[in-house]
Structure formats: structure tokens, C-alpha cells
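These notes are about the structure you will find just below.
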Amino acid sequence: MSSPISALRILPAEIQSAAAESPAGSGGFAETLRGAMDEMGHLQSQAETKVAGVLEGNGTDVHSALIAVEKADLSFQLMMQVRNKIVTAYQQISQMQF
């Protein structure tokens, strides 16, 4: 009985060609971080719009407004944790003696 996993082989040439074709390899850390910050700002503006719609009585659903606020809050908390990790890494690097 043959295992389906044993038929799979990944050769170093296949890994390099897949990495060269990957669009994620061209962005870099700063580009990814900037995109995440833009998405966080977009979620925040969506939440503000939905809350304003509820307060003005434009027929905006309260539940969708609360969900938008929670999404924006979770996104902000995630960005704060990423910032904290970056600051910690910077502090550790700055304390290294060369």
C-alpha cells in the first residue's frame, strides 16, 4: 500500500522557482506593514461611518455598527502588538555589542 505523502517530493530547484514566482516575495516587511496600517485605517473609518449612521437615524443597523467597531478595535489591538514586538526587537538589537 503506497502512501500519498511519499509520492510528494520537493526539490530545491522547485522551491527556488516557487519563491521567484511568488508575488509576496517582492513586497517586503515595510510594504506589508504599511498595507496593514492602511487596512486598519479603512476599518476605523467604516466603523465611524456606521456609528454616525446609527446616531443620525439613517436606518443603519445597530448590529452591523457594533461589528464594525469590534473589527476596528481588534485591528488596532493587533497593530499595537506588532508595534510592541518591533520596539522590543529594536531594543534588543540596540543592546547588542559588536
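Residue by residue, here is whether (1) open to solvent by less than 80 Å² (accessible area, probe 1.4 Å); (2) within 19 Å of the chain's Cα centre (by Cα); (3) not charged (D, E, K, R) holds:
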{"site": "LYS50", "(1), (2), (3)": "yes, no, no"}
{"site": "SER64", "(1), (2), (3)": "yes, no, yes"}
{"site": "LEU74", "(1), (2), (3)": "no, yes, yes"}
{"site": "MET79", "(1), (2), (3)": "yes, yes, yes"}
{"site": "VAL82", "(1), (2), (3)": "yes, yes, yes"}
{"site": "TYR90", "(1), (2), (3)": "no, no, yes"}
{"site": "GLN95", "(1), (2), (3)": "no, no, yes"}
{"site": "PHE98", "(1), (2), (3)": "no, no, yes"}
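Has region 5-14 got any residue that is open to solvent by 80 Å² or more (accessible area, probe 1.4 Å), in contact with a helix residue (DSSP H, G or I) (Cβ under 6 Å, 6 or more places away or on another chain) and either of a type in the set (Val, Ile, Thr) or modelled with pLDDT of 80 or more (or both)?
no
Against the conditions (1) surrounded by 13 or more Cβ atoms within 10 Å (Cβ to Cβ); (2) not in a helix (DSSP H, G or I); (3) not hydroxyl-bearing (Ser, Thr, Tyr), where does ASN58 fall short? Just the number, please.
(1)
Tell me which residues, restricted to region 25-48, are touching a residue at least 12 places away in the same chain (Cβ under 8 Å) and either open to solvent by 50 Å² or more (accessible area, probe 1.4 Å) or β-branched (Val, Ile, Thr) (or both).
MET37, GLU39, GLN44, GLN46
Among residues belonging to region 18-55 that are polar (S, T, N, Q) and part of a helix (DSSP H, G or I), point out the one that is modelled with the lowest pLDDT.
SER26
Checking SER75 against (1) within 21 Å of ILE86 (Cβ to Cβ); (2) not in a helix (DSSP H, G or I), which single condition isn't satisfied?
SER75 satisfies all of (1) within 21 Å of ILE86 (Cβ to Cβ); (2) not in a helix (DSSP H, G or I) except (2).
The values are calculated or read from the model by the stated rules, or taken from the named source; none is laboratory data. Every value quoted in this text rests on a predicted model; they were computed, and no experiment measured them. All Cβ positions, even for glycine, are placed from backbone atoms using ideal geometry, and neighbour counts span all protein chains on display. All accessible areas refer to the heavy atoms of the entire protein, side chains included, with ligands and DNA or RNA removed. Shrake-Rupley method; radii C 1.70, N 1.55, O 1.52, S 1.80 Å.
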